[in-house]
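A.B. asks: Can you read through this structure? Questions will come right after.
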Amino acid sequence: KTILKVHRETKYQNFIGFLNLKTGKPHLYLIPWQNQKEIIKVLKQIKKKYPGKRICLIWDNAAFHKGKEIKKELKTNLKNFYLLNFAPYAPDTNPQEHIWKYSKDQISNTQFDSMKQLIQTFKSIVMGRSYTYQI
């Protein structure tokens with residue numbers, strides 16, 4: 001009888017990305033989990049990158065994008081954001097989804113020595129070019 005012992009380890013990294021449609025410049029943030037608390041932290045970082053600017057934030061209909069905490073922050077600390085949602089179930093209209101697909105295609109069928117190397121490569125691919133997507 002042959003016994004194969006395999007040690008499998010699940011590792012993951014969450015990202016949130018934004019695309020400046022005027023410049024084509026992507027913004028990529030590593031977050032421990034996709035929830036309102038983490039999204040708010042990132043939105044505050046985006047606000048610092050564009051001081052004094054009004055920001056039109058167009059995003060998908062993920063539940064954590066529509067929660068009470070985010071709505072409260074948009075009315076108080078993030079007043080410079082104007083929020084629009086993409087149509088439900090229409091990821092093809094979201095330029096950020098095209099960036100994710102492009103980046104995943106670049107690393108597919110590639111073996112990495114470590115999770116750290118995979119994350120670094122993914123970040124380099126996302127941030128390594130400009131994207132001329134329009135809505």
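The values are calculated or read from the model by the stated rules, or taken from the named source; none is laboratory data. All values reported here derive from a predicted model rather than from experimental measurement. No Cβ is skipped: glycine too gets one built from the backbone with ideal geometry, and neighbour counts run over all protein chains shown. With ligands, DNA and RNA removed, areas are computed over all heavy atoms of the protein, side chains included. Shrake-Rupley method; radii C 1.70, N 1.55, O 1.52, S 1.80 Å.
A.B. asks: Here is a check on your reading of the model: is Tyr12 hydroxyl-bearing (Ser, Thr, Tyr), open to solvent by 70 Å² or more (accessible area, probe 1.4 Å), within 30 Å of Ser114 (Cα to Cα) and assigned to a loop (DSSP other than H, G, I, E, B)?
C.D. replies: yes
A.B. asks: Return yes or no: is Phe112 in contact with a Leu (Cβ under 6 Å, 6 or more places away or on another chain) and farther than 24 Å from Ile40 by Cβ?
C.D. replies: yes
A.B. asks: Over 11 Å from the mean Cα position of the chain (by Cα), of a type in the set (Gly, Ala, Ser), surrounded by 13 or more Cβ atoms within 10 Å (Cβ to Cβ) and closer than 25 Å to Asn80 by Cβ, is that true of Gly17?
C.D. replies: It is false that Gly17 is over 11 Å from the mean Cα position of the chain (by Cα), of a type in the set (Gly, Ala, Ser), surrounded by 13 or more Cβ atoms within 10 Å (Cβ to Cβ) and closer than 25 Å to Asn80 by Cβ.
A.B. asks: Let me ask something else. If you take the residues of the range 69-121 that are touching a residue at least 40 places away in the same chain (Cβ under 8 Å) and of a type in the set (Val, Ile, Thr), which of them is nearest to Leu30 (Cα to Cα)?
C.D. replies: Filtering first and then ranking leaves Ile119.
A.B. asks: State whether the residues of the range 78-91 include one that is under 26 Å from Tyr12 (Cβ atoms) and touching a Leu at 6+ places or on another chain (Cβ under 8 Å).
C.D. replies: No: zero hits.
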